[in-house]
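Visitor: This is the structure, below, for whatever I ask next.
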Amino acid sequence: MYDTIVVGTDGSATANKAVEHAAKLAASTGANLHVGMASPSIPALVAPDMMIATADRTAASEKATVAALAAAADIASAAGAKVTTHQLGGDPADALLSLCDQLDADLLVVGSRGMHGARRFLLGSVSSRCAHHADRSVLIVHTD
């Protein structure tokens, strides 16, 4: 049924629920699971003292991303899935969709973050954007 499954994470507890769901699905179907996380991009600033602060924030973001991917890999491995992690850049939805294209994934799994009402329309959400723009099946795991 599935050979390659991509799941997105942001390191949150709700995202970990989506990772666990995707891992169980991958383990039960024999699919390869790929966990992707987009590191927040931090714009470069012009002032020299601001560049140092930006570099520090970038390093902290990198560390947080690596830690979140390691935690997701542990969750996936515990569920019996064959897992590979991917540190991505740019907008999370675009990065996940691009990863799916690169891997020719059969399924993209994302978690819902509980955005309801006006907030959903004002802020958008990764799961909503992925569902609307993906050219493959998308599973949105209810994580609330």
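Visitor: Can you tell me which of A53, A38 is in a helix (DSSP H, G or I) and either modelled with pLDDT of 95 or more or of a type outside the set (D, E) (or both)? Outline the logic, then answer.
Guide: Details: A38 fails: in a helix (DSSP H, G or I).
Among A53, A38, only A53 is in a helix (DSSP H, G or I) and either modelled with pLDDT of 95 or more or of a type outside the set (D, E) (or both).
Visitor: What are the pairs, 6+ residues apart or on separate chains, where a residue within the stretch 1-24 that is aromatic (F, W, Y) has its Cβ under 9 Å from a residue that is part of a helix (DSSP H, G or I)?
Guide: Pairs that qualify, where the first residue is aromatic (F, W, Y) and the partner is part of a helix (DSSP H, G or I), are Y2/L25; Y2/A26; Y2/T29.
Visitor: Give the residue that is most open to solvent (accessible area, probe 1.4 Å), with candidates limited to residues of the stretch 25-39 that are out of contact with any Leu (no Cβ under 8 Å at 6 or more places or on another chain) and among the polar types (S, T, N, Q).
Guide: Per the stated criteria, the residue is S28.
Visitor: Continuing with the same structure: Mind checking which residues of the stretch 90-129 are part of a loop (DSSP other than H, G, I, E, B), modelled with pLDDT of 85 or more and surrounded by 16 or more Cβ atoms within 10 Å (Cβ to Cβ)?
Guide: Selection gives A105, D106, S112, S125.
Visitor: Could I ask something else about it? Listed residues A22, A15; which is open to solvent by less than 30 Å² (accessible area, probe 1.4 Å), at pLDDT below 95, within 19 Å of R129 (Cβ to Cβ) and under 12 Å from the mean Cα position of the chain (by Cα)?
Guide: Only one candidate passes the filter, namely A15.
Visitor: Hey, can you tell me all the residues within the stretch 79-100 that are in contact with a helix residue (DSSP H, G or I) (Cβ under 7 Å, 6 or more places away or on another chain) and either within 11 Å of V7 (Cα to Cα) or among the small types (G, A, S) (or both)?
Guide: Of everything in the stretch 79-100, those that are in contact with a helix residue (DSSP H, G or I) (Cβ under 7 Å, 6 or more places away or on another chain) and either within 11 Å of V7 (Cα to Cα) or among the small types (G, A, S) (or both) turn out to be A79, G80, A81, V83, T85, H86, G89, A93, L96, L97.
The values are calculated or read from the model by the stated rules, or taken from the named source; none is laboratory data. Note that the coordinates shown come from a computational prediction; the quantities given were computed from them, not determined experimentally. Glycine also receives a Cβ, built like all others from the backbone with ideal geometry; neighbour counts cover every protein chain displayed. All accessible areas refer to the heavy atoms of the entire protein, side chains included, with ligands and DNA or RNA removed. Shrake-Rupley method; radii C 1.70, N 1.55, O 1.52, S 1.80 Å.
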